[in-house]
1. Taking the conditions exactly as written (under 30 Å from residue B:305 (Cβ atoms), in contact with a strand residue (DSSP E or B) (Cβ under 9 Å, 6 or more places away or on another chain) and touching a residue at least 12 places away in the same chain (Cβ under 8 Å)), does residue B:221 satisfy them or not?
2. Can you confirm whether residue B:176 is away from ligand 1 (no atom under 16 Å from the Cβ) and in contact with a helix residue (DSSP H, G or I) (Cβ under 9 Å, 6 or more places away or on another chain)?
3. Hey, which of the strands (runs of 3 or more DSSP E) in the stretch B:20-93, taking only ones fully inside, have at least 3 residues that are in the same structural domain as residue B:174 (by TED's automatic domain parsing) and under 26 Å from residue A:114 (Cβ atoms)?
4. Can you pull out the residues in the stretch B:312-329 that are assigned to a loop (DSSP other than H, G, I, E, B), more than 14 Å from residue B:271 (Cα to Cα) and touching a strand residue (DSSP E or B) at 6+ places or on another chain (Cβ under 8 Å)?
5. Exactly one condition in (1) crowded, with 17+ Cβ neighbours inside 10 Å; (2) in contact with a helix residue (DSSP H, G or I) (Cβ under 8 Å, 6 or more places away or on another chain); (3) within 18 Å of residue B:224 (Cβ to Cβ) is false for residue B:89; which is it?
6. For the stretch B:166-189, enumerate the residues that are within 16 Å of ligand 2 (Cβ to nearest atom) and not in a loop (DSSP other than H, G, I, E, B).
7. Filter the stretch B:42-66 down to residues that are touching a helix residue (DSSP H, G or I) at 6+ places or on another chain (Cβ under 6 Å) and more than 12 Å from ligand 1 (Cβ to nearest atom) and give me whichever is farthest from the other protein chains (Cβ to nearest Cβ).
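The values are calculated or read from the model by the stated rules, or taken from the named source; none is laboratory data. Being a predicted model, the structure only gives us computed values, none of them experimental. Reconstructed Cβ throughout: ideal geometry from the backbone, glycine too, with neighbour counts over all protein chains shown.
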Ligand SMILES: Nc1ncnc2c1ncn2[C@@H]1O[C@H](COP(=O)(O)OP(=O)(O)OP(=O)(O)O)[C@@H](O)[C@H]1O
Ligand SMILES: [Mg+2]
């Protein structure tokens, strides 16, 4: 049996290359869409937490609670209302990113040195200018780290969205499991791991470039004042 | 609006109680800052210096009393507009780490909507003014030394040419040598820009050197004394002031007063060519052992009375060079140091070679005593 059903059959891969490529594209799309929507929702929640400080613990607890819902259950529960649609896949995926992203935004803003914001206020910048021109740019490195974690996690979770008929590479894996035919299973698994690694590496490069002010080393501490 | 006689900044019976503290941070503070003056706020840590400064540009509002800037109650002004019109150097410098030096300096002009060209010209002008290299303008704050960062902080505060400058321990984070230089440069800068400056410090020497008037605050923001530096040292208003100024008040005054503030005596001095007879007579009246020899207005040196025996005239030969020379802008402390280092009794005061007179330790002692009267 393993002679005719090896882990990887290249002829099958070649024949099915269009399906495989389409699955990769769908996987990437779903991942990016999730992260973009997640960032938008997290942005709104963070804004609420900033505006009304007392809402902050509640938002923290709610996003953490969302994260604890088992994924298969979450996808499954939505099917009766939203069907086997992309929406059904996106709702849990976006929900799972929130705990990481909301915290990244708030932590990023929190770690801005108080003196910097104090100076911005003292010289006459308006609250909006201080947020957009000073605190947010300084929070970006922390937010990008959060995006990295959210993205890599989402690549993995997207495969599970196959159970609601979405999920890109997840569908190859599911197909392989159903038919006990290992090639699509192997291809789906390998490519989703590869995708996670590639995106992770992309973020590492981004993180290096995003804060040129902190990468540069002080020229000379000694010497003339 | 810019009535020269009206104070640039005025605090009128201002108190500030923070909700979560028992003692007031500032209590019934009344203080007028004259236009164009440098006023130092000084006092022990936690006495309300920073709070007083923050009350001026409405970073905080007073619990009672009111603040006037340019004769207008600040509560009637938009806080953002008020702050944009007042330069502020915060205690911790607080440069924007993600912005270059040029961008840091340009923040207020940009917020005021200046065009690029004008902003760029202003930035390079300020770099020059505060002593930064043009090539540093493209750097990030982390790449500069502490002293350079402080200069950037000052340049940022001066960017839109505000008439009033608030500085919270602007030189607190640098070593004493750099601090002394920055203080000197601030004085030179002030001579060019003529701002009204309120400067917070807890360094007494800094307050005495840079300020026209010193406001000494006691804990709880109570104003203990508000006076010119020499007056503060000469006549402390109360026990707390005396204690704060320390046991070496007279020495500090010596560092403040300059030689040209003394009534300079000509002493025993004769022109070259004077007869030894006349010189002896002069020395006898003066009661000293040495006589100065002048060529016109130039001080040539000293000659000992015993060398003036016999008939003839005073010549340039055999004169002893003056061991202690001081200029009219030297401090009395420097003059005293010169006299004692040279182990002599008299310093000769010359201004670009021109003889002005002599100073003795007794003159200095009398000057301190007279002014104390
Ligand atoms: N935002 C605040 N909330 C509560 N208390 C405050 C606040 N700011 C200052 N205080 C208190 O007010 C008092 C005066 O503080 P302030 O910062 O004006 O002192 P300072 O003279 O500037 O001290 P330092 O020399 O240490 O800078 C202190 O007791 C301080 O704890
Ligand atoms: Mg302070």
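1. In short, no.
2. no
3. Qualifying strands (runs of 3 or more DSSP E): B:38-42, B:86-89.
4. Matches in the stretch B:312-329: B:318, B:321, B:322, B:324, B:327, B:328, B:329.
5. (3)
6. Listed by number, the residues that qualify are B:166, B:167, B:168.
7. Top of the filtered list is B:62.
Yes/no per residue for (1) at pLDDT 85 or above; (2) in contact with a helix residue (DSSP H, G or I) (Cβ under 9 Å, 6 or more places away or on another chain); (3) part of a helix (DSSP H, G or I):
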{"position": "B:260", "(1), (2), (3)": "yes, no, yes"}
{"position": "B:273", "(1), (2), (3)": "yes, no, no"}
{"position": "B:277", "(1), (2), (3)": "yes, yes, yes"}
{"position": "B:280", "(1), (2), (3)": "yes, yes, yes"}
{"position": "B:283", "(1), (2), (3)": "yes, yes, yes"}
{"position": "B:288", "(1), (2), (3)": "no, yes, no"}
{"position": "B:292", "(1), (2), (3)": "yes, no, no"}
{"position": "B:300", "(1), (2), (3)": "yes, no, no"}
{"position": "B:310", "(1), (2), (3)": "no, yes, no"}
